[in-house]
1. First measure r as the distance between the Cβ atoms of Thr270 and Gln143, then evaluate 1/(1 + (r/R0)^6) with R0 = 45 Å and state the FRET efficiency to the nearest 0.05.
2. Whole percent per 5 Å bin, from 0 to the bin with the longest distance: what is P(r) over all C-alpha pairs of region 238-370?
3. Using a 1.4 Å probe over the heavy atoms of the protein chains, calculate the carbon and sulfur portion of the accessible area of region 170-224 as a whole percent.
4. In Å², and per residue, what accessible area does region 238-370 have when probed at 1.4 Å with the other protein chains present?
5. What nm value, rounded to one decimal, do you get for the distance between Glu362 and Ala258 when each label is placed 7 Å out toward the C-beta?
6. Starting from region 319-374, pick out the trypsin sites (Lys or Arg not before Pro) whose DSSP state is loop and whose Cβ has at most 15 other Cβ atoms within 10 Å.
7. If each of Glu122 and Thr176 carries a label point 7 Å out from its Cα toward its Cβ, how far apart are those two points in nm?
8. Which of Lys149/Lys298; Lys165/Lys355; Lys156/Lys323; Lys290/Lys363; Lys165/Lys323; Lys156/Lys290 have a Cα-Cα distance over 32 Å?
Amino acid sequence: MIQSDQSKPSTKIYKPCTQICKLCSQIAKITNPLFNVKLVFLPGWNLRPSGDQRLSSSMLDLSSSQTHMQLQHCDSLSSVLSSTSSPRFGSIESSLDSIPLSWDERELGKVCIQLSYQETLEQVWITLVQCSELNLPPDGAEQQKIGFKGIITVPKPIQFKSSVKDYSQDVSFMETFVFALRLQQLRCSALVLRLQTHSNKKRTVAECVFSLRQLGAQETEHWLDLSPRSKSSVCHAELNLTTCFQPVNGRIQLQVLAAQNLPASSTPLTQAFFVKAEMHQLGRVVMKKKTRVIKASKGQCRWAETFHFLLAAVDHDYSLSVKLYSRSSVRRKQCLGQIQLGLDSLVPEAVEQWKDMIAHPEKVVSAWHGMSAA
């Protein structure tokens, strides 16, 4: 029979088995894909093994035999729990795997192209090499046929078409197209490839975009992922942005330099462009900036405007949203697309620019970015 002694001071009894069981449950949550848990390393933990380093007095000493027995008990308990719960989790995972993806969520394949620019002849060479891993939705035809429509997005777009081929997962084209294009035009244009099916009705099922800004005399090969064509009009404009992290002043500097490959107006009304930038912190907008409105010249605009966004705390999650707008003479504005700069961006180039800026304070990081749907 246990007797309680009120005269003795209360002491906390450390229970290693309880602590290890809690740790096991946390690890189970981390390793199980059904749990959305972030793995966080606490201060004071050293992940590098060292023979001279020992645990602090508050940690578990694994050298004692009693502790070893308690660990074995905990291990057997966790194994029983995992064995009883694994069928339930397995059925959930199998049911999730059985849910079919829509065609908009599936990978449609990729296309290989070879590009070069002969500056002395002012010629751009485009070779459509092949498609690989195509996965297109069925259209009811016995034998699908496919082809590509290409567009070079100069003010007067240059269009071309490939031959029509029988559809299969891997299709070879090996077709070369040559166009006369001045270097200044080339630096401000992009190549749009649209994959079309040719059955009862011609239909565009996927597309990809590649900037022609950095082409040279040396032929380069590129594999482009095919994406479902957006139902809304897509803007292929690009923005030149520079960022700089200034920790002394506690701010991020953003420069909106220029835009190119801007769309031409579909109406006789005069069209101008401007840029809005927003600083996001923990999911909410904390600061807004806007450039002046200027008219485009040959599909280009140049602002060269600098904005500063103050940081309340450096360790918070920040991101920048940069949106491009067009405005007609009747003052109607339209958002053409946006760029998300930050670690949570879906565009690898935007993530790389943000990482480079944070890793190198006071360094001005410049990059061109294509527009994503707003």
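1. 0.35
2. For region 238-370, the binned pair fractions read 2, 10, 21, 23, 18, 12, 8, 4, 2, 0 percent.
3. It is 45 percent, rounded to a whole number.
4. For region 238-370, the per-residue accessible area is 52 Å².
5. Rounded to a tenth, the inter-label distance reads 2.9 nm.
6. Counting only loop positions with at most 15 other Cβ atoms within 10 Å, the trypsin sites (Lys or Arg not before Pro) in region 319-374 are Arg331, Arg332, Lys363.
7. 2.2
8. Long pairs (Cα-Cα over 32 Å): Lys165/Lys355; Lys165/Lys323.
The values are calculated or read from the model by the stated rules, or taken from the named source; none is laboratory data. What you are looking at is a predicted structure, and each value in this text was computed from that prediction instead of being measured. Quick reminder, even Gly has a Cβ in these numbers, built from the backbone with ideal geometry, and neighbours come from all protein chains shown. Heavy atoms of the whole protein, side chains included, go into the accessibility calculation; ligands, DNA and RNA do not. Shrake-Rupley method; radii C 1.70, N 1.55, O 1.52, S 1.80 Å.
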